[in-house]
Amino acid sequence: MDVIIDNLPRYLSGFGMTLQLLIIAAIGALIIGTFIAAMRISPVASLRGFATVYTELVRNTPLTLVLFFCAVVVPYLGVRTDFATLATIGLTVYTSPFIAEALRSGINGVPLGQAEAARSLGLGFGQTIGTVVLPQAFRMVIPPLINVIIALTKNTSVAGGFFVAELFTIGKELANANGDAVVAVLLGVATFYLIITIPLGILAARLEKKWVVTR
């Protein structure tokens, strides 16, 4: 375990970058995914069509290809920014359709009569979705949403292939530099990932138990 203790600052540096990628991409994906989910049920055909194409196209594109586009093609088009920002954008875009589909399943679980009642009171589509449908949909799909975020946590490791010094990249460098302690190095990496994913899993279970009772 000496290799972990001796290199703890490097582990923490990679862990911090992983957290940064995770938090910013999760927030961005949640915002975009919410809009995409609303567009999927919009009465405007063009919005439904755009949301459907976006969801199917991005969801069925490999994450590596999405990050390659952000890290290589986007700078070629003249956008100048650091690779961490580009990786965050790629992770956000890739995760957003999964958020949207989870939310859409929750929206479909809200009784249709509630939306009809809201419209009968004079609420428009946006008001009905924002004040009546989405709050209930979010409560129904908290566990699936957290599962998407857990998957995003592991997907951040792909950013290491595009010049981002996140946790997995640091672990790979340490493993190469400490060939006699590869197992310990990888256990250290796994431990830091578990620090994120296990609490998220516990949170999902508790929220599901709480809201199944009150729903």
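The figures follow:
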| quantity | calculated |
| --- | --- |
| For VAL66, solvent-accessible area (1.4 Å; no DNA, RNA or ligand), Å² | 20 Å² |
| The chain, relative contact order [Cα under 8 Å, separation at least 6], % | 29 percent |
| Difference of contour (0.36 nm per residue) and Cα-Cα distance, GLN136 to PHE69 | 20.5 nm |
| Computed accessible area, ASP82, all protein chains, 1.4 angstrom probe, square angstrom | 80 Å² |
| Rounded to 10°, Cα long-axis angle of helix 167-177 versus longest principal axis of the chain | 20 degrees |
| Surface accessible to a 1.4 Å probe, per residue, for the residues of the stretch 2-58, Å² | 53 Å² |
| In nm, spacing of pseudo-spin labels at LEU207 and ILE23 (7 Å Cα→C-beta vector) | 1.7 nm |
| Mean Cα-pair separation over length for the stretch 82-183, i.e. relative contact order, pairs under 8 Å, 6 or more apart, % | 32 percent |
| Carbon and sulfur %, accessible surface of the stretch 53-131 computed with the full protein complex present, 1.4 Å | 66 percent |
| In the stretch 1-95, trypsin sites (Lys or Arg not before Pro) in a DSSP loop with at most 15 other beta-carbon atoms within 10 Å | ARG80 |
| Label-to-label distance, nm, for residues given as LEU77 and GLU173 (7 Å Cα→Cβ offset) | 3.0 nm |
| Size of electric dipole in the chain: Cβ of Lys, Arg +1 and of Asp, Glu -1, about Cα centre, debye, nearest 20 | 820 debye |
| Accessible area expressed per residue, the stretch 136-215, with surrounding protein chains retained (probe 1.4 Å, Å²) | 54 Å² |
| Efficiency of FRET from Cβ geometry, ILE195 and SER105, R₀ 30 Å, rounded to 0.05 | 0.55 |
| Tilt relative to the chain, helix 83-109 - C-alpha long axis, 0 to 90 degrees, to 10 | 40 degrees |
| Full-stretch length increase - SER13, ARG48 - with 0.36 nm per residue and alpha-carbon distance subtracted | 8.4 nm |
| Helix axis angle, 142-155 relative to the chain longest principal axis, alpha carbon, degrees | 30 degrees |
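The values are calculated or read from the model by the stated rules, or taken from the named source; none is laboratory data. A quick note: this is a predicted structure, and the numbers were derived from the prediction, not measured. No Cβ is skipped: glycine too gets one built from the backbone with ideal geometry, and neighbour counts run over all protein chains shown. For the accessible areas, the whole protein counts, side chains as well, though only heavy atoms, and no ligand, DNA or RNA atoms are used. Shrake-Rupley method; radii C 1.70, N 1.55, O 1.52, S 1.80 Å.
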